[in-house]
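Enquirer: Quick one: structure below, then a few questions.
The values are calculated or read from the model by the stated rules, or taken from the named source; none is laboratory data. Source: prediction; values computed, not measured. Cβ: placed from backbone, ideal geometry, glycine included. Neighbour counts: every protein chain shown. Calculation scope for accessible area: heavy atoms of the full protein, side chains included, ligands and nucleic acids excluded. Shrake-Rupley method; radii C 1.70, N 1.55, O 1.52, S 1.80 Å.
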Amino acid sequence: MSDIDVTRALFDRWERVWNHGELDLVPTCVGPRYLRHEEAGDRIVTPETYAAEIVALKHDRPDFLIFAYDYSFQGDRAWYRVSMRWTDRITSAFQTRAAMQSYRIEDGKLAETWVMSWAVGSSWPDAAPLERWTSPVFPSAIVA
């Protein structure tokens, strides 16, 4: 299987975890020390922690869905734009967010992630800040 096929299979499993609650797939998606660079700061999570965070998020947002699109692969890196949608459990308001996510993949699992997100409806910011943050070269070719 090619690197691109391995990466596509990984993200197919990742979407099944998030959109269908298949938490038994988390260890096949997330490395043992998954480093996440997020707006709130850097942190390391285990597959167990990651699964628990999904459970907690799904409690507050039972209809939460994530859609990945506009992806690109290069070596051990994958870039995705994602859209997230849910109804807030407390306010009943429909919510959306968008994110640009960059991943470093190791042994077919997520090893490191950089996440930048915005409210959907705003224009996409220039990808350059994420490019400088994650890699010296941002791939220009979209692999479909």
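Enquirer: Could you pull out every residue, at least 5 positions away or on a different chain, whose amide H is within less than 5 Å of the one on E22? Hs are placed 1.01 Å off N in the peptide plane, and Pro or chain starts have none.
Expert: Those qualifying (amide H under 5 Å, at least 5 residues apart or on another chain) are V17.
Enquirer: To the nearest 20 debye, what is the magnitude of the charge dipole of the range 10-90 about its Cα centre, counting +1 on the Cβ of each Lys and Arg and -1 on the Cβ of each Asp and Glu?
Expert: Values: 11 positive and 14 negative charges, 9 e Å.
Roughly 40 debye, rounded to the nearest 20.
Enquirer: Would you mind checking which residues have amide H under 5 Å from D76's amide H? H placed 1.01 Å from N; only 5 or more apart, or other chain.
Expert: Placed amide hydrogens put nothing under 5 Å from D76.
Enquirer: Set the Förster distance to 22 Å, then compute FRET efficiency between D24 and D63 from the Cβ-Cβ distance, nearest 0.05. Before the final figure, lay out the partial values.
Expert: Details: r = 21 Å, r/R0 = 0.97.
FRET efficiency, D24 to D63: 0.55.
Enquirer: Which value, in Å², gives the accessible area per residue of the range 1-109 when a 1.4 Å probe is used on the protein heavy atoms? Intermediate results must be reported in sequence, preceding the final value.
Expert: Details: 5870 Å² over 109 residues.
Value returned for the range 1-109: 54 Å² of accessible area per residue.
Enquirer: With each pseudo-label sitting 7 Å past Cα toward Cβ, what's the F94-D3 distance in nm, one decimal?
Expert: Taking the two extended label points, one gets 4.1 nm.
Enquirer: For the range 20-31, what does the Karplus curve 6.51 cos²θ - 1.76 cosθ + 1.60, with θ = phi - 60°, yield as ³J(HN,Hα) per residue in whole Hz, taken in order and with x for Gly and Pro?
Expert: For the range 20-31, the Karplus curve yields 10, x, 7, 5, 5, 7, 3, x, 8, 10, 10, x Hz.
Enquirer: Under the Karplus relation 6.51 cos²θ - 1.76 cosθ + 1.60, θ = phi - 60°, what is the ordered set of whole-Hz ³J(HN,Hα) values for the range 90-100, x standing for Gly and Pro?
Expert: 7, 9, 6, 7, 6, 10, 9, 9, 10, 8, 10
Enquirer: Just to confirm a number: summing +1 for Lys and Arg and -1 for Asp and Glu over residues other than D76 whose beta-carbon lies under 9 angstrom from that of D76, what do you get?
Expert: Details: positive: R77, R104; negative: D3, E106.
That sum, taken over residues with Cβ under 9 Å, equals 0.
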